[in-house]
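Notes for the one structure printed next.
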Number of protein chains: 2
Amino acid sequence: MYVLLVYDVEVKRVTKVHKFLKRHLHWVQNSVFEGELTEAQIETVKAGLHRLLNDETDSVLIYSAREQRWLTRETLGRERGETSNLL
Amino acid sequence: MYVLLVYDVEVKRVTKVHKFLKRHLHWVQNSVFEGELTEAQIETVKAGLHRLLNDETDSVLIYSAREQRWLTRETLGRERGETSNLL
């Protein structure tokens with residue numbers, strides 16, 4: 001699955017959440033990550049986030065498409081994130 | 001097209017950008033908007049953003065899928081944004 005993940009977490013948890021996500025996905029903008037993950041890998045990411053998040057205040061959106069080509073991305077303004085494909 | 005838009009702009013422009021986007025899309029999380037737009041409407045949104053953004057510091061990602069059903073969304077933690085379908 002091609003996954004697009006956007007987090008909105010309290011400042012004190014940003015670093016932990018960001019570091020955790022960088023181990024699994026590519027960083028594309030401030031709080032946005034993307035990547036190709038299997039169903040099992042998605043479950044791993046979700047389980048990891050459940051441990052890190054405060055469900056009362058934090059929110060993570062996970063969008064997934066079966067094929068990456070179904071989703072096109074365009075950037076306005078500054079390009080952020082990494083261009084590296086290394087996980 | 002089903003559009004998913006994530007902005008990362010300097011604080012002083014957040015309110016203007018947010019207000020502009022709310023006129024065209026549904027707010028789903030802090031800096032995330034979604035909605036069904038025609039190609040012409042997407043161009044209107046892009047033109048409006050070009051006027052509002054500072055290209056050196058601000059960044060907006062626009063993801064689009066031809067069919068909404070190609071994209072599934074899951075929320076971890078708190079649900080944000082509006083449930084209303086009114087534009």
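Rule-based calculations on the coordinates, nothing more; no lab input. Since the model is a prediction, treat every value here as computed from it, not as a measurement. Don't worry about glycine lacking a Cβ; one is built from the backbone with ideal geometry, like all the others, and counts go over all protein chains shown.
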>> If the only charges are +1 at each Lys and Arg Cβ and -1 at each Asp and Glu Cβ, what is the size of the charge dipole of chain B around the Cα centre, to the nearest 20 debye?
In response: 300
> Can you give the Kirkwood hydrodynamic radius for the range B:8-87, in Å, rounded to one decimal and based on Cα pairs?
Replying inline: 13.8
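Would you compute, from DSSP H runs of 4+ residues alone, the mean residue ellipticity of chain A at 222 nm, taking -39500 (n - 2.57) per run and dividing by the full residue count, rounded to the nearest 500?
On the way: 2 runs with 26 residues, N = 87.
The per-residue figure over chain A is -9500 deg cm²/dmol.
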> How many nm separate the modelled label positions at B:Glu79 and A:Arg51, each set 7 Å beyond the Cα in the direction of the Cβ?
Replying inline: 2.8
> Computed FRET efficiency, Cβ-Cβ of A:Arg13 and B:Glu10, R0 22 Å: what is it to the nearest 0.05?
Replying inline: 0.45
> Can you list the aspartates and glutamates whose alpha carbon is less than 17 Å from that of A:Lys19, not counting same-chain residues fewer than 8 positions off?
Replying inline: A:Asp8, A:Glu10, A:Glu34, A:Asp58, A:Glu82
> When the Karplus curve 6.51 cos²θ - 1.76 cosθ + 1.60 is applied with θ = phi - 60°, which whole-Hz ³J(HN,Hα) does each residue of the range B:13-21 get, with x for Gly and Pro?
Replying inline: 9, 4, 4, 4, 5, 4, 4, 4, 5
>> Through the Karplus equation 6.51 cos²θ - 1.76 cosθ + 1.60, θ set to phi - 60°, convert the phi angles of the range B:69-78 into ³J(HN,Hα) values in whole Hz; use x for Gly and Pro.
In response: 5, 6, 10, 9, 10, 10, 10, 9, x, 6
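Compute the Rg/Rh shape ratio of the protein assembly as shown: radius of gyration over Kirkwood radius, all on alpha-carbon atoms.
On the way: Rg = 15.4 Å, Rh = 16.5 Å.
Reported Rg/Rh, Kirkwood definition of Rh: 0.94.
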>> Sequence gap at least 6, Cα distance under 8 Å: using those rules, report the relative contact order of the range B:2-65 to the nearest whole percent.
In response: 56
> Dipole magnitude of the protein assembly as shown about its Cα centre, charges +1 at Lys/Arg Cβ and -1 at Asp/Glu Cβ only, in debye to the nearest 20?
Replying inline: 360
